[in-house]
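Structure first, then comments.
The values are calculated or read from the model by the stated rules, or taken from the named source; none is laboratory data. Quick caveat: nothing in here was measured; it's all calculated off a predicted structure. Note that each Cβ is placed from the backbone with ideal geometry, even for glycine, and that neighbours are counted across all protein chains shown.
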Amino acid sequence: MEPGLEEVSNPDVLVVGGGPAGCAIAIGCAQLGLKVVLIESKPFPRTHPGETLHPGVEPLLKQLGVFEPVLAAGFLRHKGNWVQWEAGSEFVPFGEDDSGAWLGFQAWRADFDAILLNQARGLGVEIIQPCHASSLVMDGCRVIGVETSQGTFRAAKIIDAAGDHHWLAQQLGLQIQYHSPRLIAYYGYVTGECPVRDHAPAIAADFCGWTWTAKVRLQLYQWTRLSFVDEKIPKDWLPDEFQGLKIYQPMRAANVTWRIVSQPAGYGYFLVGDAAMVLDPASSHGVLKAIMSGIWVSHAIAWELLGNLTEQQAIDQYCLWIHNWFRHDVKNLSSLIAKLPNPPFWI
């Protein structure tokens with residue numbers, strides 16, 4: 001323990017990370033009557049590449065009790081996406097049923113994250129922010145706590161929801177399996193008017209990769225660029241349709257190399273969201289994956305603590321679920337990328 005730090009809390013569940021995955025598991029565990037502490041190292045708001053939520057997220061939002069606040073937030077909604085991949089551009093709808101067309105959300109992440117965090121707080125989750133996790137507390141091969149900038153927390157279960165840096169996996173020396181070369185997605189925001197992008201996002205492939213563009217708020221648009229070659233992108237680069245618009249903030253980058261942690265669950269811990277596996281944004285369900293993994297783990301923890309599931313069964317079932325999902329997405333994404341005008345050599 002670092003000098004001056006004391007043991008400050010002993011919850012049932014300690015969640016490291018306050019994004020969608022961390023909030024989903026915190027909310028799920030709190031709904032089931034468990035004592036939860038959530039720590040987040042960075043202040044909010046923060047930006048992320050890609051903010052489109054598939055309509056399939058609606059039942060999950062209802063399960064978490066945040067569907068009405070999400071509706072009230074007034075996020076832009078759309079019936080599908082424009083796709084230009086093998087040939088010309090075509091509109092691909094999400095689908096429809098007897099109640100009408102399915103609508104996705106173009107969520108502004110600062111507001112979306114705040115809604116989830118507020119729901120967790122309202123259910124009694126203790127939220128400590130900013131609070132930096134420094135090292136694990138171990139009892140043999142079991143994770144039993146985390147040393148942080150605010151003291152030492154011990155818990156029955158430690159959850160890494162801190163994103164694609166794989167903090168807990170690095171601490172434990174877990175193997176990270178890579179399924180692509182290093183891939184960096186660049187993204188940014190522009191302000192102004194772009195009528196062609198006002199009604200639905202678009203993804204357009206070219207000889208080197210793909211570009212995503214979307215309207216995210218009034219007079220605010222977002223772009224993401226992923227190249228499968230060593231493409232140098234100037235700091236002032238913009239997609240053609242955004243030429244003439246004003247850059248809202250400096251371009252940023254995210255490591256979207258396809259990868260999965262070999263053991264996303266073990267004695268005393270679970271990895272959720274990007275902490276467990278990462279694919280590039282073309283897989284189109286990063287937030288959905290984060291929320292689903294959080295909900296899954298919250299139920300697994302409750303079942304285990306109630307004696308309905310052994311710890312080993314919870315570990316094995318979660319690892320199998322994560323690996324099967326990852327393999328399924330890799331297969332589908334590889335098939336999609338193979339159709340590019342110049343598919344990368346590793347596909």
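Tabulated results
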| quantity | calculated |
| --- | --- |
| Candidates LYS289, LYS331 - the one that is more than 26 Å from VAL143 (Cβ to Cβ) and in a helix (DSSP H, G or I) | LYS331 |
| Extreme residue, nearest to the chain's Cα centre (by Cα), among residues of the stretch 61-116 that are among the basic types (Lys, Arg) and part of a helix (DSSP H, G or I) | ARG109 |
| Condition met for GLY163 (of a type outside the set (S, T, N, Q), at pLDDT below 95 and closer than 22 Å to LEU53 by Cα) | yes |
| Some residue of the stretch 239-249 being over 16 Å from VAL13 (Cβ atoms) and within 15 Å of the chain's Cα centre (by Cα) | no |
| Matching residues in the stretch 167-202 - criterion: being free of Cβ contacts under 8 Å to residues at least 60 places away in the same chain and more than 30 Å from PHE75 (Cα to Cα) | GLN170, GLN171, GLY173 |
| Residues being of a type in the set (A, V, I, L, M) and more than 20 Å from ILE144 (Cβ to Cβ) - total across the stretch 262-287 | 6 |
| Selection status of GLY56, loosely packed, with under 15 Cβ neighbours inside 10 Å, more than 18 Å from the chain's Cα centre (by Cα), of a type outside the set (Ser, Thr, Tyr) and under 27 Å from ILE159 (Cβ atoms) | no |
| The lone exception for SER135 - which of (1) part of a loop (DSSP other than H, G, I, E, B); (2) modelled with pLDDT of 95 or more it fails | (1) |
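Results for (1) in contact with a helix residue (DSSP H, G or I) (Cβ under 6 Å, 6 or more places away or on another chain); (2) modelled with pLDDT of 85 or more, shown as yes or no for each residue.
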residue	(1), (2)
SER9	no, no
VAL15	yes, yes
ALA26	yes, yes
GLY33	no, yes
ILE39	no, yes
LYS42	no, no
